[in-house]
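The values are calculated or read from the model by the stated rules, or taken from the named source; none is laboratory data. Because the structure is predicted, anything quoted here is derived from the model rather than measured. Virtual Cβ from ideal backbone geometry, glycine too; neighbours counted across all protein chains shown.
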Amino acid sequence: MVKSKDEHKADVGLVLSKKFGYVGIVDAIPGSPAQKAGLTTTDVLETINGVATRDMPLAFAQLLLRGEPGTTVEVGVVEVESLEGQSLKEAAAKVEDLEKQGAKRLVLDLRHCATGGPEEGAKLANLFLDKGLITYSEGQKVPRQDINAAAASDITHLPLAVIVNRGTAGGAEVAAAALLDDKRAEVVGERTYGDASIRKAITMDDGSAVILSVAKYYSPSGKAIQDTGVTPSVAVTEIEAAAADDDSNPQAIEPAPAPPAGEDMLLKKAIEVVTNGKTDVVSAPRGAGNSETSPALTPLNVPRPNKQQ
């Protein structure tokens with residue numbers, strides 16, 4: 001590491017600027033880790049720690065590139081938008097690829113992941129668990145059925161944080177609940193939707209059908225996901241632009257200061273949590289957690305970000 005102006009911090013030795021909407025390199029300090037990695041003027045950093053730099057404020061980029069002298073912290077981001085089709089195989093391949101690139105920590109982004117059943121969610125959780133109860137289903141007339149982790153399906157033991165929001169539902173909730181209750185990961189974000197059950201179509205006398213939930217899926221600690229959703233261990237609240245009264249008329253509320261444009265507050269908090277541990281609750285503007293993410297770069301001795309004050 002190269003010493004920075006803060007005598008307790010260091011960086012990789014880059015002078016940065018904005019270039020084509022991304023973070024560009026003005027210069028790499030001679031003898032620095034950046035120069036040794038082959039970075040030079042005119043290069044563009046499309047991602048840092050797996051975080052896309054498109055519209056990223058330079059201050060945030062510098063934050064990601066600073067840390068204790070001699071430290072190396074690579075955080076890989078695995079974004080799962082669906083649990084259908086080949087999504088599980090793709091997620092597993094992404095995890096393995098990030099480890100090969102040098103990732104030392106992982107963030108599993110399950111925001112707006114609402115397709116795919118509880119069984120697929122259990123398989124996703126099993127990628128990060130080698131033992132223990134993942135979930136179980138039970139109903140008034142349906143006996144309890146446990147789904148336990150299989151050691152053969154576990155592919156990584158790297159430290160993990162999971163991001164969820166109100167759009168996280170179904171199998172993704174099963175995965176998040178299992179990883180949280182089994183103490184495998186901290187869950188960052190807001191309470192999930194609450195939709196994990198076994199449904200059955202009941203045919204009526206007139207030929208129509210009614211779909212009923214005959215059993216619910218539960219977290220390892222015994223909470224019905226259908227009833228409670230998944231409550232994060234690190235709450236990141238989204239601030240609504242306006243509230244509505246009983247007549248659905250918007251009501252003015254005191255505006256909250258917005259973060260710099262393009263800053264993904266939920267992802268930033270998840271990276272902070274997986275590197276430094278749990279910290280205080282933060283607020284993000286509505287929609288701030290939807291930034292696009294890209295694969296992590298080849299290892300560049302990227303240090304841990306500072307804790308938020």
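Kindly indicate the residue of the stretch 35-51 that is aliphatic (A, V, I, L, M) and at pLDDT 75 or above and also surrounded by the fewest Cβ atoms within 10 Å (Cβ to Cβ) among those meeting that condition.
Out of the qualifying residues, it is VAL44.
Name the residues in the stretch 182-206 that are in a strand (DSSP E or B) and of a type in the set (A, V, I, L, M, F, W, C), would you?
ALA185, VAL187, VAL188, ILE198, ALA201, ILE202
Go through (1) in a loop (DSSP other than H, G, I, E, B); (2) modelled with pLDDT of 85 or more; (3) of a type in the set (Gly, Ala, Ser) and name the single condition ALA258 misses.
Failed condition: (2).
Within the stretch 1-26, restricting attention to residues that are modelled with pLDDT of 80 or more and in contact with a helix residue (DSSP H, G or I) (Cβ under 9 Å, 6 or more places away or on another chain), which residue is nearest to LEU266 (Cα to Cα)?
VAL23
Condition check: in contact with a Ser or Thr (Cβ under 8 Å, 6 or more places away or on another chain) and under 22 Å from VAL51 (Cα atoms). Does GLU173 satisfy that?
Against the criterion (in contact with a Ser or Thr (Cβ under 8 Å, 6 or more places away or on another chain) and under 22 Å from VAL51 (Cα atoms)), GLU173 does not qualify.
Has the stretch 75-89 got at least one residue that is touching a residue at least 12 places away in the same chain (Cβ under 8 Å) and among the basic types (Lys, Arg)?
Looking for residues that are touching a residue at least 12 places away in the same chain (Cβ under 8 Å) and among the basic types (Lys, Arg), one finds none in the stretch 75-89, hence no.
Tell me yes or no: at least one residue of the stretch 47-54 is touching a Phe, Trp or Tyr at 6+ places or on another chain (Cβ under 8 Å) and assigned to a loop (DSSP other than H, G, I, E, B).
There is at least one residue in the stretch 47-54 that is touching a Phe, Trp or Tyr at 6+ places or on another chain (Cβ under 8 Å) and assigned to a loop (DSSP other than H, G, I, E, B).
Looking at (1) at pLDDT below 90; (2) more than 25 Å from GLN145 (Cα to Cα), can you tell me which one GLU186 breaks?
Status for GLU186: all satisfied but (1).
Within the stretch 214-240, track down each residue that is assigned to a strand (DSSP E or B) and touching a residue at least 24 places away in the same chain (Cβ under 8 Å).
VAL214, ALA215, LYS216, TYR217, TYR218, VAL234, ALA235, VAL236, THR237, GLU238, ILE239
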